[in-house]
Structures are given as C-alpha cells and as structure tokens.
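A short write-up of the structure that comes next.
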C-alpha cells in the first residue's frame, strides 16, 4: 500500500468515526426536551466554540502564529521543518510553540510533522 493510499484510508476511517460520533450525539440530544438541549449546549460551549488566540508567548510563538496568518490564503499546511526554517529558530523552540498552539486548538496536527490551522481560517489577534 502506497503512502497516498494509507493517508486516504486513514482519512476515510476518521470520517467514519466522526459520522458515528455525530449519530450518537444526535440520538442522545433528540431524546431530550428542547429546554434541556439548551442546557446541554451551554455545558458543552467550551468544546464547541471557536479556538482562542493565545494571549502569551515569546518571539518564536509570535513568529509561528504570524507565519500561519500570512500564508493562510496561499498555503494551509506546514511541515515542522519548514516552520523551523521560516522562523529561523531552534527546532525545540518551534516544537514547543506548535505544541502550545495545538493545546489551545489554534492549529491541528494532520500527520507526522504536518500542521494546519484548526478550522482552516486565520485567527485575528496577537498570540
């Protein structure tokens, strides 16, 4: 199996997993009265809201965020090695910045060393 076939297979598994999760959640919510659905929505708001822009960080974190923002229209995905070169920083510093941005749900890891903005949009504001 080629690498492209493996990636396609993994994407299909992920799509099936997402569809199953949506079906389970939909079935659970449909059983609740409307006023209770709103209460559930309020309890889950932190998971469903748009990712927040980080409010702290050093020079490397700022450069990584700016890189994603500047290139958002032309390029959605970045390899970690390309980010290291583009921001001219130590690999460990870039890795830490990427991990922080992942934890804040600003970017998503798509594969080994491959990152993309979480929802494909540019998030305004400073890190």
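The values are calculated or read from the model by the stated rules, or taken from the named source; none is laboratory data. Note that the structure is predicted; figures quoted are calculated from it, not measured. Cβ sites come from the backbone with ideal geometry, for glycine too, and all protein chains shown count toward neighbours.
Among the residues of the range 82-90, is any modelled with pLDDT of 85 or more and in contact with a strand residue (DSSP E or B) (Cβ under 9 Å, 6 or more places away or on another chain)? Show your work before the answer.
Our first condition is that a residue be modelled with pLDDT of 85 or more; within the range 82-90, this holds for 82-90.
Next cut, in contact with a strand residue (DSSP E or B) (Cβ under 9 Å, 6 or more places away or on another chain) only: 83, 86.
Yes: the range 82-90 contains one or more residues that are modelled with pLDDT of 85 or more and in contact with a strand residue (DSSP E or B) (Cβ under 9 Å, 6 or more places away or on another chain).
Which number in (1) in a helix (DSSP H, G or I); (2) at pLDDT below 85; (3) surrounded by 11 or more Cβ atoms within 10 Å (Cβ to Cβ) marks the one condition that residue 52 misses?
(1)
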